[in-house]
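Novice: To start, I am sharing the structure in question, which I have written as structure tokens.
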Amino acid sequence: MPPPAVIALADEVRARLDRGDLVGLGPIEFPHSGGGQLDAELAARVVLADVAHCTQRGREESAPCWAELTAQLRSLERASYQRSAAR
């Protein structure tokens, strides 16, 4: 089971994705992606798939990935808020 923070952030990112809030945001800095940038919509789909994957793993195996996923979800949330405020 993911930590409560991951669940809340994933729900928020999923809602923004479903509403189309991430369409057209373009590339964002994405933590742990080798310093590269990913399209915001693609990044959201990737991180949500990673959350699902880590949820299916055993508790001990998935513990290290929650911190990384939390950072990625927060990055998406920040980019979404910043871009929507600029519009």
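Novice: Conditions: (1) of a type in the set (D, E, K, R); (2) modelled with pLDDT under 85; (3) surrounded by 15 or more Cβ atoms within 10 Å (Cβ to Cβ). Residue 21 meets all but one. Number of the miss?
Specialist: Unmet for residue 21, out of (1) of a type in the set (D, E, K, R); (2) modelled with pLDDT under 85; (3) surrounded by 15 or more Cβ atoms within 10 Å (Cβ to Cβ): (2).
Novice: Can you pull out the residues in region 46-64 that are modelled with pLDDT of 80 or more and either surrounded by 12 or more Cβ atoms within 10 Å (Cβ to Cβ) or under 12 Å from the mean Cα position of the chain (by Cα) (or both)?
Specialist: Once the filter is applied, which keeps residues that are modelled with pLDDT of 80 or more and either surrounded by 12 or more Cβ atoms within 10 Å (Cβ to Cβ) or under 12 Å from the mean Cα position of the chain (by Cα) (or both), region 46-64 yields 46, 47, 48, 49, 50, 51, 52, 53, 54, 55.
Novice: Here's something else I'd like to know. Test each condition in (1) at pLDDT below 80; (2) part of a helix (DSSP H, G or I) for residue 73 and report the one that comes out false.
Specialist: Of everything listed in (1) at pLDDT below 80; (2) part of a helix (DSSP H, G or I), residue 73 misses just condition (1).
Novice: Do we have residue 43 as surrounded by 13 or more Cβ atoms within 10 Å (Cβ to Cβ), touching a strand residue (DSSP E or B) at 6+ places or on another chain (Cβ under 7 Å), at pLDDT 85 or above and part of a helix (DSSP H, G or I) here?
Specialist: Taking the combined requirement at face value, the residue satisfies it.
The values are calculated or read from the model by the stated rules, or taken from the named source; none is laboratory data. Please read these numbers as outputs of a predicted model, since none were measured by experiment. In this analysis, Cβ positions are derived from the backbone assuming ideal geometry, glycine residues included, and neighbour counts consider all displayed protein chains.
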